[in-house]
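Taken together, the values in this text are just the output of simple stated rules run on the coordinates, not laboratory data. Predicted model, so just to flag it, every value in this text is computed and none were measured. FYI the Cβ positions are ideal-geometry reconstructions off the backbone, even for glycines, and counts take in every protein chain you see.
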Amino acid sequence: MALRQIRELGDPCLVKVCKPVKEVSERTQVLIDDLLDTMYDAEGVGLAAPQVGILKRIAVIDAGEEYQDEPLILINPEILETAGEQTDYEGCLSVPGKVGEVTRPNYAKVKAYDAEMNEYIVEGEGLLARALIHEIEHLDGHMYVEKVRGELLTSEELAEILRQKEMQEEDKA
Ligand code: ZN
């Protein structure tokens, strides 16, 4: 297991367009394993190669059992289709401790290659759709903070907002 250092907002690697992967070399396989280790260690839902300073079109996602049986390895991913809309709080391992409200499609259909360079299609709704689009945007040098409505919040501020919302709903009931 090897953890890589996660680059944070302001790092030049996060605004670059990444290069397509031609083959999964031994080095690429190590990178994929490290991305998974680093994502799990940081308790993230996804991690893209540029977030650890590697400008290749590779990302990993684990949105949890509710969405998928095993982590997704996305090589050269492309969004084929999106539909619907969802608005929710979103975070990023490159913007630690912060969340922001982002509206995104509620459904995404993505074509990608796995670690054996076999092409596959993944369809996601809700959190998985959000994660797919978020990670693919990283590969083009974009960050969710560009799309946040209002201010970025700390986790404490978000907890307070959610607590107040819950109280309002209890009042209504
Ligand atoms: Zn991110």
Cα-based Rg (one decimal) and Dmax (whole number) for the stretch 1-102, in Å? 14.0, 39
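Report the calculated FRET efficiency for Asp88 and Asn118 (r = Cβ-Cβ distance, R0 = 35 Å), to the nearest 0.05. Spell out each step's value before the answer.
On the way: r = 32 Å, r/R0 = 0.91.
Computed FRET efficiency for Asp88 and Asn118: 0.65.
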Using the alpha-carbon centroid of each, what span in Å lies between the stretch 16-81 and the stretch 110-173? 16 Å
Near the amide H of Gly46, under 5 Å away, which other amide H atoms are found, from residues 5 or more places off or on another chain, if H is placed in the peptide plane? Asp62
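So, with +1 on the Cβ of K and R and -1 on the Cβ of D and E, and no other charges, what is the size of the charge dipole of the chain about its Cα centre, to the nearest 20 debye? Before the final figure, lay out the partial values.
Values: 18 positive and 37 negative charges, 178 e Å.
Once rounded to the nearest 20, the dipole reads 860 debye.
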Among Cys92, Leu55, Gln68, which residue has its Cα furthest toward the positive end of the charge dipole of the stretch 1-152, with +1 on Lys/Arg Cβ and -1 on Asp/Glu Cβ? Leu55
Expected unfolding gain across Ile79-Val15 under the 0.36 nm per residue rule, minus the alpha-carbon gap, is 21.1 nm
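Which translational diffusion coefficient, to the nearest whole µm²/s, is obtained for the chain from the Stokes-Einstein equation, given a Kirkwood hydrodynamic radius over C-alpha pairs, 20 °C and 1.002 mPa s? Before the final figure, lay out each step's value.
On the way: Rh = 16.7 Å.
The calculation lands on 128 µm²/s.
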Using 1/(1 + (r/R0)^6) with R0 = 25 angstrom and r between the beta carbons of Glu23 and Glu43, what's the FRET efficiency to the nearest 0.05? 0.20
Multiply the residue separation of Lys147 and Gln5 by 0.36 nm, subtract the distance between their alpha-carbon atoms, and state the gained length in nm to one decimal. 48.6 nm
Under a Gaussian network model of the chain whose springs join Cα atoms within less than 10 Å, the largest fluctuation of Pro105, Pro77, Pro50 belongs to Pro105
Amide H proximity to Lys56 below 5 Å, modelled H, separation 5+ or other chain, gives Lys19
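Using a 10 Å cut-off around each Cβ, can you sort Ile61, Ile121, Ile133 from fewest to most neighbouring Cβ atoms?
Values: Ile61 27, Ile121 10, Ile133 18.
Ascending number of Cβ neighbours within 10 Å: Ile121, Ile133, Ile61.
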For the ranges 24-31, 124-131, what's the packing order if you count other beta-carbon atoms within 10 Å of each residue, average per peptide, and put the highest first? 124-131, 24-31
